[in-house]
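Shown next, in structure tokens, is the structure this report addresses.
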């Protein structure tokens, strides 16, 4: 099983590898910079070299980097839209040096213009980004969302429409967030609901498009569109639902990354232990 967490980025970037290793992870996700701010500088080359050395020593792979929250590739505001594209390109180039496998991104908010226009802006932005980083092997994973506000990606028909418009389809994939799916209205706590969602993904996109699972329980009710995660088995998906997801044959060999609450010093360790107990 490929199992890891989103690791805290406090301190030097190479310290994230140490934290992942101490938790017993064999894969990991990080922010490569402050997710709440625009970039102010780039990583130190010596820190990058040490990060890559430790990853190799501890055999942690694949590596996922989550894009910062400020980036919005579906924005109708020209300044934010252009700044988001430039920041995304910088992040991919840095991810390339960090030898990351994928960048994970939310699909952006159309800011109450329309889903059609938001999707068009997102497709145009991704094509620009991929063209300007065409020598990089870093892939882009589109994460499904809970559907709050005017965010795109709460149904997989959005992913289909976007991927159809992408020129370099070999670099695009899906990050499936279990909490987001449930909060968007997919009843994956039930066996029938999980199978219905998987059938939809397979029909619209093909299951091979799923490269990562964000394994999170959901704090709020089915279809609430409120993006709040919960500890594994303690939310509305529940232990039985999470066990069914973890052991589903269609998810075999897909990396699992936990983004569960970090409300205690042992939270990550306890959630990882729960997942391992649920795994058959």
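Couple of notes before you dig in:
- Max mean-square fluctuation residue, GNM over the chain, Cα-Cα springs under 10 Å, options 187, 47, 263: 263
- Measure of compaction for the stretch 121-280 (Cα Rg per 2.2 N^0.38 Å): 1.06
- Cα pair count fraction exceeding 18 Å, expressed as % - the stretch 72-128: 33 percent
- Difference of contour (0.36 nm per residue) and Cα-Cα distance, residue 164 to residue 18: 48.6 nm
- Rounded to 5, percent antiparallel among DSSP beta bridges of the chain: 10 percent
- Using just its DSSP H runs of length 4 or more, each adding -39500 (n - 2.57), the chain gives a mean residue ellipticity at 222 nm of -12500 deg cm²/dmol after division by all residues.
- Residue order, fewest to most beta carbons within 10 Å, for 53, 228: 53, 228
- Relative contact order (%) - criterion: Cα under 8 Å, at least six apart; region: the chain: 16 percent
- For the pair residue 248 and residue 200, label points projected 7 Å from Cα toward Cβ lie 1.1 nm apart.
- Highest-MSF residue in the chain out of 226, 37, 121 [GNM, Cα springs under 10 Å]: 37
- An ellipsoid equivalent to the stretch 3-278, defined through the eigenvalues of its Cα gyration tensor, has semi-axes of 26, 25, 17 Å when rounded to whole angstrom and sorted largest first.
- Pairwise FRET efficiency - residue 276 versus residue 49, Cβ, R0 = 22 Å, nearest 0.05: 0.10
No value in this document is a laboratory result; all are computed from the given coordinates. Not measured: the values here are computed from a predicted model. Cβ atoms come from the backbone with ideal geometry, glycine included; neighbour counts cover every protein chain shown.
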